[in-house]
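One structure below.
The values are calculated or read from the model by the stated rules, or taken from the named source; none is laboratory data. Since this is a predicted model, take the numbers as computed values, not measurements. Ideal geometry is used to build each Cβ from the backbone, glycine not excepted, and the neighbour counts take in all protein chains shown. Accessible surface is based on the protein model in full, side chains and every heavy atom, while ligands, DNA and RNA are left aside. Shrake-Rupley method; radii C 1.70, N 1.55, O 1.52, S 1.80 Å.
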Amino acid sequence: MALRRFPEGMPDPDDFIVVEQPVPALQRGAVLVENSWFSLDPSMRIRMSGGESSYFAPYRIGAPLDGWAVGTVVESSNPDFTVGDTLHHACGWREHAVLVPDGSDWTSPRPVGVGGAIDARHHLSVLGASGFTAWAGLFKVAQLGPGETVFVSAAAGAVGSLAVQFAKLRGARVIASAGTSEKVRRLTGALGADAAFDYRTRPIGESLRSAAPDGIDVYFDSVGAEHLDAALESLRPGGRVALCGQIENYNHGTGASKGVTRLFSAIEKGLTLRGFLARMYTDDFGEFRSEVSHWFERGMLTVDETVIDGLENAPQGFIGMLGGANIGKTLVRLQAEA
């Protein structure tokens, strides 16, 4: 899958095109992977804007799109990898990928374990980048502690739904926001939030004050704009903000700051606002996997998914996710798992 043109505003299915290419012969050290699942993430919209960014390399017109994926090795010219291995890698949006694993960075292909409660796709969500982003943002960036109150926006999405549960398991009080009454019920039911509200029904600040009349200690921000404004007002002195994303502005470019008018609160309350990317905390990945695998394998976590079948349907799934049609992690299924 490639871009036919850069989207303007919300992407359109016609902005994408399926391209067929022959699989090249493997060079020494390479492996051929048949992808079974790949991830659709809001941050991909940033890469579709045509400009330069240090976030991730921007997509190019006509070039293959990429993103997190898992698949099975079907051919190998690398002595460290055998046919049948399951690999996690960064060449999604395609049915097959030729990879050269070298362990050089966060995106290098790596083998992952499957079996028992763990399917390959879980390495794209709860045990992968989404889970790690939630965990690192809460506990490394914001230093959330037991007994504190945290507000999580976009809380029914891939990262937010895990952040809600991780925070509860560490003993925090959790307030969550989402965009439909169905998602709110999910948050306070299966996902265990102490309070949740639909941000579309009344001003966010009013809803947050009602849920946390004594204020909040931490805000996990995936939205920006009015959500960030409301959190700045409700944060107690010395509060912390983990700046994970700005979904509200992704269709307008990362330089936008729509709706943020209360930044002076950071000065008068001594707040800490800290932006982060999960790859900044790769030294902590082992700790994350140990703790979250323990929770997951013991049935202590609920992993919500929205599954799209077929590469050709990935653009519509991506657009739906940007519009809030998903619950939990949005995944594209290419091959049935064994």
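The solvent-accessible area of Met300, taken with every protein chain present and a 1.4 Å probe, is close to 90 Å². One equal scatterer on each Cα of region 109-239, no solvent, Debye formula: the resulting log10 I(q)/I(0) at q = 0.09, 0.14, 0.15, 0.19 Å⁻¹ is -0.25, -0.59, -0.66, -1.00. Packing order of peptides 69-79, 110-120, 151-161, highest average first: 151-161, 69-79, 110-120 (average count of other Cβ atoms within 10 Å over each peptide's residues).
How high is the relative contact order of the chain, in percent, counting Cα pairs under 8 Å that sit 6 or more residues apart? Relative contact order comes out at 18 percent. The antiparallel fraction among DSSP beta bridges confined to region 1-149 stands at about 90%.
Convex hull of alpha carbon positions in region 1-103: directionally averaged projected area 7.1 nm².
Surface calculation, 1.4 Å probe, protein heavy atoms: Tyr281 sits at approximately 30 Å² accessible.
Each of Ala2, Gly179, Ala230 was placed along the dipole of the chain (beta-carbon charges, centred on the mean Cα), and the one lying farthest toward the positive end is Ala230. Using only the alpha-carbon atoms of region 179-224 as identical scatterers, what base-10 log of I(q)/I(0) does the Debye formula give at q = 0.17, 0.19, 0.23 Å⁻¹? So the normalised log intensities are -0.52, -0.66, -0.97. Measuring only protein heavy atoms, the 1.4 Å probe finds Glu182 accessible over about 110 Å². Applied to region 200-214, the Karplus parametrisation 6.51 cos²θ - 1.76 cosθ + 1.60 on θ = phi - 60° returns per-residue 3J(HN,Hα) values of 8, 8, 7, x, 4, x, 5, 5, 5, 5, 5, 6, 9, x, 9 Hz, with x for Gly and Pro. What residue among Leu331, Ile61, Phe166 has its Cα farthest toward the positive end of the dipole of the chain, where the charges are +1 on Lys, Arg and -1 on Asp, Glu, each on the Cβ? So the residue furthest toward the plus end is Phe166. Given springs between every Cα pair under 10 Å in a Gaussian network model of the chain, which of Val292, Val23, Val218 has the largest fluctuation? So, out of Val292, Val23, Val218, the one fluctuating most is Val23. An oblate overall shape is assigned to region 271-332, the ratio a/c of its alpha-carbon gyration tensor axes (a ≥ b ≥ c) being 1.5 or greater and a/b not exceeding b/c. Extension gain, Arg298 to Thr107, is 65.9 nm, computed as 0.36 nm per intervening residue step minus the present C-alpha separation. Which one, Arg28, Arg186, Arg240, has the greatest fluctuation when you compute a Gaussian network model over the chain with C-alpha springs under 10 angstrom? Maximum fluctuation in the GNM of the chain, among the listed residues, is at Arg28.
Note on Cα extents along the principal axes in Å: of the candidates [x] 84, 44, 32; [y] 70, 49, 33; [z] 62, 44, 34, the value calculated from this structure sits at [z].
Normalised by the number of residues in region 110-190, the mean separation of alpha-carbon contacts (under 8 Å, six or more apart) gives a relative contact order of 25 percent. Region 297-337 and region 7-31 have their alpha-carbon centroids 19 Å apart. Report the percentage of all Cα-Cα pairs in region 190-294 whose separation exceeds 21 Å, rounded to a whole percent. Taking all Cα-Cα pairs of region 190-294, the fraction more than 21 Å apart is 44 percent.
Beta-bridge orientation, the chain: approximately 45 percent antiparallel, per DSSP, counting only bridges with both partners inside.
A DSSP coil position with no more than 11 other Cβ atoms inside 10 Å describes none of the trypsin sites (Lys or Arg not before Pro) in region 29-125.
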